[in-house]
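See structure below.
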Amino acid sequence: MAMQFVGIFLGVVVLYLLSCIRILYEYERGVIFRLGRVLPAPKGPGILMVFWPIDRMDRVSLRVFVQDVATQDVITLDNVSVKVNAVVYFRVIDPMNAILEVEDYQYATSQLSQTTLRSVLGQVELDELLAEREKVNQRLQTVIDTQSDPWGIKVVLVEVKHVDLPEHMKRAMAKQAESERERRAKVIHAEGEFQAATKLRDAAAMIEMHPMAMQMRFLQTLMEVGAENNTTIVFPIPLDLITPLLGGNGQAGGGGSGSTGS
């Protein structure tokens, strides 16, 4: 009878010890409370003993958590109402503070991200939000990380995913883009006219220095016109050549034009 009792007792002890075995993975740490008081350092990874009901263990994962920040209605600094959502990447770097300083560190980080998103984006203008996304992300990451640091949380990255603009703002931005392109086209056209005028001025100055260049250009033009099988050629004739034929009634010093047909 005594042997049976001893055997049952040993069996119960063995089963109890087996039930106290806990295995923590490489990315996990265990915060153990013994009689309500936390042990000095977290345990793990590997095998450890948790002697319930004296001990209670909370598992904490050290991997990076990814949380979607719900869509927030934000009024920017220039009074434009937009809907913005984002994603937050964070991890636990101090398991003790993550358990002792906050009730639910994942929920707390999510709520902190939502409030920070509204407050930070309310301090930037719409153009900055759309064009300088990296700068805005860095500011969000710094603010959230500073406020979550007492909880043992390290915010790795914050990314603004989508900015939903109202329809009237989309139309206004489309008109602005169209006007900007028209302005660039006019500027380019004006620059082209300026460059062409500059070249013509240089050409006129060079021809003035070399009068024979004008005659050569005139002959070259005649060749180009004749190559197109035209039946009429128009070319200038100096009035000095036809003044004697007009009986001296013409005015000298001018230039005229004549034409021949075939």
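Coordinate-derived values only; no laboratory data. As the structure is a computational prediction, the values presented were derived from the model and not from experiment. A quick note on method: Cβ atoms are made from the backbone with ideal geometry, for glycine too, and the neighbour counts reach across all protein chains shown.
Listed values, structure above:
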read-out	value
Total lysine pairs under 29 Å (Cα atoms) in the chain, excluding pairs fewer than 8 apart on one chain	15
Ascending count of other beta-carbon atoms within 10 Å, so fewest first, for MET96, MET57, MET173, MET3	MET3, MET173, MET96, MET57
Stretch gain in nm, segment THR115-GLN138, where the contour uses 0.36 nm per residue and the Cα spacing is subtracted	6.7 nm
For VAL160, VAL66, order by how many other beta-carbon atoms lie within 10 Å, fewest first	VAL66, VAL160
The range 51-108 - Kirkwood radius from inverse mean 1/r over Cα pairs (Å)	14.5
Per-residue [θ]222 nm for the chain (sum of -39500 (n - 2.57) over DSSP H runs n ≥ 4, rounded to 500)	-15500 deg cm²/dmol
The range 1-151: equivalent-ellipsoid semi-axes (sqrt of 5 x gyration tensor eigenvalues, Cα, Å)	50, 12, 12
Per-pair calculated FRET efficiency, R0 = 30 Å: ARG91 and MET169 via Cβ, rounded to 0.05	0.20
Built amide H within the under 5 Å cut-off of VAL124, gap 5+	LEU77
Sorted by Cβ density within 10 Å, fewest first, the residues TRP151, TRP52	TRP52, TRP151
Highest-fluctuation residue, ALA70, ALA204, ALA190 considered, GNM on the chain with Cα pairs under 10 Å	ALA204
Enclosed volume per residue, in Å³, of the convex hull spanned by Cα atoms of the range 65-165	76
Lys/Arg +1, Asp/Glu -1 at C-beta; the range 1-112 dipole; positive extreme among THR109, TRP52, VAL82	TRP52
Centre separation in Å (Cα based) which lies between the range 111-186 and the range 9-45	46
10 Å-binned pair-distance histogram of the chain (Cα, whole percent)	5, 15, 13, 11, 9, 7, 8, 8, 7, 5, 4, 3, 2, 1, 0, 0, 0
Stretch gain in nm, segment VAL12-HIS210, where the contour uses 0.36 nm per residue and the Cα spacing is subtracted	59.2 nm
FRET efficiency, 1/(1 + (r/R0)^6) with R0 35 Å, evaluated for GLU125 and ARG183 via beta carbons	0.95
Estimated FRET transfer efficiency when R0 is 30 angstrom, pair PHE218-GLU193 (beta carbons, to 0.05)	0.70
Against the rule of thumb 2.2 N^0.38 Å, how large the Cα Rg of the range 12-60 comes out	1.12
Selection from VAL158, VAL136, ILE207 lying farthest towards where the dipole of the chain points positive, charges on Cβ	VAL158
